[in-house]
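**Student:** Shown below is the structure under consideration.
The values are calculated or read from the model by the stated rules, or taken from the named source; none is laboratory data. Note that this is a predicted model, so its numbers are computed, not measured. The protein model used for the area step is the full one, side chains on, heavy atoms only, and it has no ligands, DNA or RNA in it. Shrake-Rupley method; radii C 1.70, N 1.55, O 1.52, S 1.80 Å.
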Amino acid sequence: MIMGKIKQIVPLLIMAVLTSTAAGRNIYNFNSGWRFFYGNDPSGDGGVRVTLPHTWSRDAIAGDKDYFRGMGYYMNEAQIPESWRGSRVFIRFHAANNVSDLYLNGRHLGAHKGGYSAFAYEITDYVQFGNKNVFWMAVNNSPRSDVLPVAGDQNSYGGLIRDVELVVTGRDMVSLTDHGGEGVYVI
């Protein structure tokens, strides 16, 4: 009898959590305004303007097997509104091929290995609300034995190869930092 009631209530609780979480998030596309710098030229003065998704391996797409494998750098500047103060702010990358390091206003926020999976960082404590913020992403598509795939006929295109988003939530929320997912699992 009690087990039957629990089975009826659990789906309602899950729906309530999902509904309240979805309503409490504002997602902003962060694909434009990026500058890209090849390998040994990570200066903030130049770079090629790109819109994400982006790969520097256009030669690999054309079938050239001897395409550039190494470091690429992305930089973007964003004015984070003062009105976001008191919220939690995340940046979510839907993929960066293959290994990446994120810096915000000169501070290293973390590294991610794996070119085809989403990941997110909470940036609340590092954002300068009401001011310009500088995002710097180093991406490396060099062959590595500790990042899959290590062999095969799959090209490892370098770059920010999927969308990037800024996500603003309330103080109480379900975290995005577990593999860049929505933060809710039903097993």
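**Student:** So, taking all protein chains as they sit and a 1.4 Å probe, how much accessible area belongs to TYR38, in Å² rounded to tens?
**Tutor:** Taking all protein chains as shown, TYR38 has close to 120 Å².
**Student:** Please work out how much accessible surface PHE30 shows to a 1.4 Å probe, ignoring ligands, DNA and RNA, in Å² rounded to 10.
**Tutor:** That residue has around 20 Å² of solvent-accessible surface.
**Student:** At a 1.4 Å probe radius, which order do THR55, THR177 fall into by accessible area, largest first?
**Tutor:** The ordering from most to least exposed comes out as THR177, THR55.
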